[in-house]
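The values are calculated or read from the model by the stated rules, or taken from the named source; none is laboratory data. Note that this is a predicted model, so its numbers are computed, not measured. Note: ideal-geometry Cβ built from the backbone for every residue, glycine included; neighbour counts use all protein chains shown.
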Amino acid sequence: MSDMTSDFGFGDGDRNFTGRSTRFKAEANQRYRISFAWWPGVEEGTPNFEAETPKFKGGKRIYIPGVGYIFDKGPEYARFSKDGSRTAIATAVIVWPTLSNGKLDADLFKRDGGQVMTWVFGVDKYKQIEPNHVQHPFGTNDLIITCTDSQYQKMSFVSAPDNLFREVVEGKFAKKMQGRGADLMSDVQGLVGNITGEIARDMTLDQIREKMGGATTTPVDDNGSVGDVDDMLSDLLDD
């Protein structure tokens, strides 16, 4: 009989057991380093980091109080939401542990690597991010995010050398972190397999009405602190 348990500790392999969110949401005055992780071939375990672009999935959705985000499938759906329909875009990213200045936390990186998360955002952020990829392709670079407003997720973006997911899977850290690379790959595969549901739910009109049930409302018509990966993690390679 196979072992159905796993060993973990505080901040060490415990994410699958503690209910931590897998949806990326930035906090104000914090800096984050992410790798784009959804590349062609990742579902087969062979991501093509040389592809022209990481993959995204998008769809129009509406928000209904008491129900949540629902795919907008026409005028009959739009009347349930006073805010109207908006396009949401989703992708898979790996959020790496960083210090307050945006540099990698080398100890946490070695111990637990990064966290695979869904990032859902609007067209405006997509347009903000695109120039970074054009100048510094995400197959070989990460993205540094600085959040200035957590409620409205206002952010600024700057590129950072190296895609750490790539380095862990097939690059400078692959041998040292072979097990972690496999875990990250598995997490990415599981996430992208269900990424449509991260954008919105596909519901019929009857299901919406049933969900609303007893609802009382009526439907209505750079500062250079990123640093270099090799300098920050040289002790890992020298072990």
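Within the stretch 145-187, the residues that satisfy the criterion of being hydrophobic (A, V, I, L, M, F, W, C), closer than 21 Å to residue 101 by Cβ and not in a helix (DSSP H, G or I) are 145, 147, 155, 157, 158, 160.
Scoring residue 123 on the criteria (1) exposed (fewer than 15 other Cβ atoms within 10 Å of the Cβ); (2) closer than 19 Å to residue 49 by Cα leaves a single failure, condition (2). Residue 142 satisfies every condition listed in (1) under 20 Å from residue 49 (Cβ atoms); (2) of a type in the set (Asp, Glu); (3) in a helix (DSSP H, G or I); (4) under 15 Å from the mean Cα position of the chain (by Cα) except (3).
Among the candidates 154, 172, 176, which residue alone is out of contact with any Gly (no Cβ under 6 Å at 6 or more places or on another chain) and over 26 Å from residue 31 (Cα atoms)?
Numbers: 154 fails: over 26 Å from residue 31 (Cα atoms); 172 fails: over 26 Å from residue 31 (Cα atoms).
One residue alone meets the criteria, 176.
For every residue, the table says whether it meets (1) in a loop (DSSP other than H, G, I, E, B); (2) modelled with pLDDT of 95 or more; (3) loosely packed, with under 11 Cβ neighbours inside 10 Å.
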{"position": "6", "(1), (2), (3)": "yes, no, yes"}
{"position": "16", "(1), (2), (3)": "yes, no, no"}
{"position": "21", "(1), (2), (3)": "yes, no, yes"}
{"position": "25", "(1), (2), (3)": "yes, no, no"}
{"position": "77", "(1), (2), (3)": "no, no, no"}
{"position": "81", "(1), (2), (3)": "yes, no, no"}
{"position": "84", "(1), (2), (3)": "yes, no, yes"}
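Within the option set 53, 118, being under 17 Å from the mean Cα position of the chain (by Cα), assigned to a loop (DSSP other than H, G, I, E, B) and among the polar types (S, T, N, Q) holds for one residue only, 53. Against the numbered list (1) crowded, with 16+ Cβ neighbours inside 10 Å; (2) touching a helix residue (DSSP H, G or I) at 6+ places or on another chain (Cβ under 8 Å); (3) at pLDDT 90 or above, residue 229 comes up short only at (3). Within 17 Å of residue 27 (Cα to Cα), of a type in the set (D, E, K, R) and buried (at least 17 other Cβ atoms within 10 Å of the Cβ): does that describe residue 103? Against the criterion (within 17 Å of residue 27 (Cα to Cα), of a type in the set (D, E, K, R) and buried (at least 17 other Cβ atoms within 10 Å of the Cβ)), residue 103 qualifies. If we keep just the residues of the stretch 86-115 that are among the aliphatic types (A, V, I, L, M) and part of a strand (DSSP E or B), which is farthest from residue 57 (Cα to Cα)? Here the answer is 104. What residue, of 58, 41, is at positive phi and surrounded by fewer than 22 Cβ atoms within 10 Å (Cβ to Cβ)? When all the criteria are applied, what remains is 41. Condition test on residue 181, is it out of contact with any strand residue (DSSP E or B) (no Cβ under 7 Å at 6 or more places or on another chain), farther than 27 Å from residue 31 by Cα and not charged (D, E, K, R)? It is false that residue 181 is out of contact with any strand residue (DSSP E or B) (no Cβ under 7 Å at 6 or more places or on another chain), farther than 27 Å from residue 31 by Cα and not charged (D, E, K, R). Take the conditions buried (at least 17 other Cβ atoms within 10 Å of the Cβ), farther than 18 Å from residue 198 by Cβ, at pLDDT below 90 and aromatic (Phe, Trp, Tyr) and apply them to residue 49. Does it pass? No.
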